[in-house]
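Let me begin by presenting the structure, written as structure tokens, before commenting on it.
The values are calculated or read from the model by the stated rules, or taken from the named source; none is laboratory data. Note that the structure is a prediction, hence the values are computed from the model and not measured. For neighbour counting, all protein chains shown are included, and Cβ atoms are generated from backbone atoms with ideal geometry for every residue, glycine included.
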Amino acid sequence: MIMKLTRRVALTSVAAIGILASASGAAFADGHLLQLRLSMSGSETDQRSVAMAEVFGPAVSEFASYEPAYNATLFAQGTELEAISRGNLEMTISSAQELAQFFPEFSIFTAGYVHQDAAHQVAVFNDPLMDPFKQTAIDELGVRLLSVMYLGRRHVNLRQCPDELTVTTPADLDGVNLRMPGTDAWQFLGAALGASPTPMAFSEVYTALSTGAVDGQDNPLPTVVDARFYEVTCQIVLTSHLVDLNYVTISEEVWQSMAPDQQAVVQQAADDAAALGRERQLQLESELGARLEEEGLTLYEPDLVAFRDAVQSAYLGSEFAQTWPEGVLEQINALGN
């Protein structure tokens, strides 16, 4: 069940706390730097963290103190948006999945083949179609989405070699036991891809692949390398079925406390940090593709139109699409053509 937590509910304790009043507008009055604490679950070496530290922090340093907290040490993962809404936090890097817990219509950005690549993500985020989504987050939760960060593309990674199984369309995955994360949304995506999705803890996947308990798994290329799945698989079908993202997010009250020129600096800094992280992630994916081929894996692209049509049709016929604004999926698809 999806929980929708409105700003009215989330801000019940703001009057008693009053943190933002002292941490934002008043800071400018006495000449102190504006405190911009960012809480995230990723580590200090995460590409999102590095890009923000290298680009965002220095860019705003004339009027703000950027203070990142990693590994969920400041706020637990999944609670950051509520912390911003209550006035306890200034910034975070949030996911569409997290926003969908408050506003179910955001689930459109978590569905397979909605985003086609990194450039399409940016085009969608900057298009007027996103304005109602952004405004809802501001009005009902008090958070502003500044920029979109590219996290990578998920692909299908199989034990079978291409001479045993070549995947061109979803029909070719019929009967393939594909390990997917255990939630209903992930299992639905696995079935929409044409496979038989199998829920399994990530820690069990390597052994399951080596013994044949599952035929394959889906993850971005960096995960295939980090988990050494290339040792127990033979091919990667570059399905790009999920182009994952995060949003650089800031408190709307903090945003409104800034002068227009400071807002412009913060906005540009967020865009520049996202662009650097995007460039580095794309480069990493390219390098890892070559490395995996050196390890003996075959990488190839299937009929992406066939996959996208099948997966989107599955979503449109499901309960997931019931909260999507009418016509938005068609607008998103048009931006990728």
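The number of residues in region 194-235 being touching a Pro at 6+ places or on another chain (Cβ under 6 Å) and within 12 Å of Asn157 (Cα to Cα) comes to 1. Taking the criterion of being surrounded by fewer than 16 Cβ atoms within 10 Å (Cβ to Cβ) and either touching a Ser or Thr at 6+ places or on another chain (Cβ under 6 Å) or in the same structural domain as His120 (by TED's automatic domain parsing) (or both), the residues of region 291-309 that qualify are Asp303, Ala306.
Among the residues that make up region 39-46, is at least one of them on the phi < 0 side of the Ramachandran plot, at pLDDT 95 or above, assigned to a strand (DSSP E or B) and not charged (D, E, K, R)?
So in region 39-46, the residues on the phi < 0 side of the Ramachandran plot come out as 39-46.
Next cut, at pLDDT 95 or above only: 39.
With the extra rule that they be assigned to a strand (DSSP E or B), the set shrinks to 39.
Of the ones still in play, those that are also not charged (D, E, K, R) are 39.
Yes: one or more hits.
Evaluation of Gln312 against the conditions (1) in contact with a Ser or Thr (Cβ under 8 Å, 6 or more places away or on another chain); (2) within 20 Å of Gly190 (Cβ to Cβ) shows that the sole unmet condition is (1). Are any of the residues in region 264-282 under 17 Å from the mean Cα position of the chain (by Cα), under 30 Å from Cys161 (Cβ atoms) and among the aliphatic types (A, V, I, L, M)? Scanning region 264-282 turns up at least one residue that is under 17 Å from the mean Cα position of the chain (by Cα), under 30 Å from Cys161 (Cβ atoms) and among the aliphatic types (A, V, I, L, M).
Working only within region 176-222, note down all residues that are among the acidic types (Asp, Glu) and in contact with a Lys or Arg (Cβ under 7 Å, 6 or more places away or on another chain). Explain how you work it out, then say what you get.
Initial filter on region 176-222 (among the acidic types (Asp, Glu)): 184, 204, 215, 218.
Hits for region 176-222 are Asp215, Asp218.
For region 275-312, residues that are in contact (Cβ under 8 Å) with a residue 40 or more places away in the chain, of a type outside the set (S, T, N, Q) and closer than 19 Å to Pro222 by Cα total 17.
So, of the residues in region 21-38 that are part of a helix (DSSP H, G or I), surrounded by fewer than 17 Cβ atoms within 10 Å (Cβ to Cβ) and hydrophobic (A, V, I, L, M, F, W, C), which turns out to be modelled with the highest pLDDT? Let's see the steps before the verdict.
Step one: filter region 21-38 for residues part of a helix (DSSP H, G or I), giving 21-23, 25-29.
Pick out the ones that are also surrounded by fewer than 17 Cβ atoms within 10 Å (Cβ to Cβ) and you get 21-22, 25-26, 28-29.
In the following step, the residues that additionally are hydrophobic (A, V, I, L, M, F, W, C) were identified as 21, 26, 28-29.
Values: Ala21: 37, Ala26: 38, Phe28: 51, Ala29: 47.
For region 21-38, the residue satisfying everything is Phe28.
Closer than 25 Å to Glu279 by Cα and among the charged types (D, E, K, R): is that true of Glu80 in this structure?
Numbers: closer than 25 Å to Glu279 by Cα: no; among the charged types (D, E, K, R): yes.
No: the conditions fail for Glu80.
Select the helices (runs of 4 or more DSSP H) contained entirely in region 161-234, then report the ones holding at least 1 residues which are at pLDDT 95 or above and hydroxyl-bearing (Ser, Thr, Tyr).
Working: elements: 184-192, 205-211, 221-226.
Here the list reads 205-211.
The set of residues in region 192-207 being over 21 Å from Pro162 (Cβ atoms) and surrounded by 17 or more Cβ atoms within 10 Å (Cβ to Cβ) consists of Ala192, Pro197, Thr198, Met200, Val205.
The residues of region 74-88 that are under 14 Å from Leu36 (Cβ atoms) and out of contact with any Leu (no Cβ under 8 Å at 6 or more places or on another chain) amount to a single one, Asn88.
No other residue among Val50, Val55, Val9 is in a helix (DSSP H, G or I), of a type outside the set (Gly, Ala, Ser) and either at pLDDT below 50 or farther than 20 Å from Ser147 by Cβ (or both) apart from Val9. Leu245 - would you say it is of a type outside the set (S, T, N, Q), part of a strand (DSSP E or B) and either within 19 Å of the chain's Cα centre (by Cα) or crowded, with 17+ Cβ neighbours inside 10 Å (or both)? For Leu245, the condition - of a type outside the set (S, T, N, Q), part of a strand (DSSP E or B) and either within 19 Å of the chain's Cα centre (by Cα) or crowded, with 17+ Cβ neighbours inside 10 Å (or both) - is met.
Is it true that Glu140 is more than 23 Å from Gly277 (Cα to Cα), in contact (Cβ under 8 Å) with a residue 40 or more places away in the chain, over 19 Å from the mean Cα position of the chain (by Cα) and assigned by TED's automatic domain parsing to the domain that holds Trp255?
Working: more than 23 Å from Gly277 (Cα to Cα): yes; in contact (Cβ under 8 Å) with a residue 40 or more places away in the chain: yes; over 19 Å from the mean Cα position of the chain (by Cα): yes; assigned by TED's automatic domain parsing to the domain that holds Trp255: yes.
The answer is yes for Glu140.
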